[in-house]
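Only one structure is covered here, and it is reproduced in the block below.
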Amino acid sequence: MRPTSQDYADMLTQPSVPMSTVAARELVRILKAEAGIRIDPSNTQFISYRLDRRVTELGLEDYDQYLAHLQSPEGPAEIQRLVESLATHTTSFFREKAHYDWLDTVGLPKLVEAGAGRAHPLVVWSAACSSGLELWSAGIVLDRYSHKVQGGLRWGLVGTDISAAILRKARLGIYSSSELSGLSIDLRSDYLLRSKPGARISPKQRVYRIAPALRSRAHFSAANLLGKLEGQVPLADVIFLRNVLIYFTAEDRIRAIRNVMQCLRPGGYLLLGHSDNLRSLPEGLTPAGTAVFRKD
């Protein structure tokens with residue numbers, strides 16, 4: 001897991017709770033075992049920045065005491081909070097826009113030609129959906145394409161993430177004006193509801209909500225990409241698995257892809273992030289575009 005530029009800036013001014021080398025290594029081990037998250041154990045400053053506030057809230061003096069807390073009856077719930085604190089959720093509307101252009105001009109036409117949207121609902125799944133902007137972007141493309149098809153299409157959206165807190169935000173679909181980067185004025189008009197003038201989260205920021213036409217088609221649930229997914233997620237025709245594999249080991253990357261592939265229909269497409277450089281792919285995937293793969 002790599003710190004963001006804002007993380008680095010905040011680290012310079014934030015005092016830290018004492019953390020031993022042994023405690024840092026154990027926290028890194030837990031994160032790897034529970035969520036596949038890789039962090040350099042020597043980067044104690046980043047770990048402290050993300051966790052110090054929680055340790056202080058618990059009334060603990062150092063990370064050895066925090067590790068003891070993780071072994072207490074409250075441990076399972078606290079481990080989930082630990083994972084959520086260290087996970088990075090960088091996202092935006094239409095991030096890596098080339099994928100959405102491909103979906104509109106290549107992916108959806110091929111899927112519809114093969115019967116998706118008619119013989120069965122065409123499902124798009126954002127496997128690490130973060131706050132939902134990736135999934136809503138795909139939903140906008142799908143909705144606009146459906147209106148171009150005679151009789152329309154049957155379709156739905158699925159979003160999963162390991163973080164319960166970020167899923168709540170995705171499910172609500174409420175965003176500040178600063179989070180709308182990448183969304184054109186026309187699309188904002190068609191797919192967002194703007195708050196009343198008095199409803200602001202700051203003096204200069206109105207809030208916006210995803211329109212019911214999209215929200216009504218979306219389902220969100222918690223999922224660990226390294227755990228069993230089959231049966232938890234409906235079969236999807238398109239899966240976005242972007243910019244998350246870079247945080248996994250090479251072994252866990254293949255494991256996550258295999259798990260996700262179990263929920264991808266034959267002939268469906270898997271979209272990886274442009275930064276998710278993989279040396280090899282599981283059998284059964286054929287390149288179909290830039291960071292796009294088709295399931296045989």
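Side notes on the structure shown:
- Out of 128, 165, sole residue that is surrounded by fewer than 22 Cβ atoms within 10 Å (Cβ to Cβ) and either touching a helix residue (DSSP H, G or I) at 6+ places or on another chain (Cβ under 9 Å) or not in a loop (DSSP other than H, G, I, E, B) (or both): 165
- Tallying residues that are at positive phi and touching a strand residue (DSSP E or B) at 6+ places or on another chain (Cβ under 9 Å) within the stretch 138-180 yields 1.
- A Cβ distance below 8 Å, combined with a sequence gap of six or more or placement on separate chains, defines the contacts here; from the stretch 106-122, residues that are under 14 Å from residue 236 (Cβ atoms) reach residues that are modelled with pLDDT of 95 or more and of a type in the set (Phe, Trp, Tyr) in the pairs 107/269; 108/145; 111/269; 117/155; 121/155; 122/155.
- Any pair with Cβ under 6 angstrom, 6 or more apart, that starts in the stretch 225-248 at a residue that is over 19 Å from residue 274 (Cα atoms) and ends at one that is of a type in the set (Phe, Trp, Tyr): 236/125
- Matching strands (runs of 3 or more DSSP E) fully within the stretch 208-296 where at least 1 residues are in contact with an Asp or Glu (Cβ under 6 Å, 6 or more places away or on another chain), among the basic types (Lys, Arg) and surrounded by fewer than 20 Cβ atoms within 10 Å (Cβ to Cβ): 264-272
- Counted residues, the stretch 131-162 - those being among the charged types (D, E, K, R), surrounded by 19 or more Cβ atoms within 10 Å (Cβ to Cβ) and assigned to a loop (DSSP other than H, G, I, E, B): 0
- Single condition residue 48 does not satisfy, out of (1) outside any loop (DSSP other than H, G, I, E, B); (2) of a type in the set (Gly, Ala, Ser); (3) within 27 Å of residue 255 (Cβ to Cβ); (4) not assigned by TED's automatic domain parsing to the domain that holds residue 237: (3)
- Number of the exception - residue 27 against (1) over 24 Å from the mean Cα position of the chain (by Cα); (2) surrounded by 15 or more Cβ atoms within 10 Å (Cβ to Cβ): (1)
- Qualifying residue in the stretch 249-272 (condition: closer than 19 Å to residue 136 by Cα and touching a residue at least 40 places away in the same chain (Cβ under 8 Å)): yes
The values are calculated or read from the model by the stated rules, or taken from the named source; none is laboratory data. Since the model is a prediction, treat every value here as computed from it, not as a measurement. Methodologically, a virtual Cβ is constructed for each residue, glycine included, from the backbone with ideal geometry; neighbour enumeration extends over all protein chains shown.
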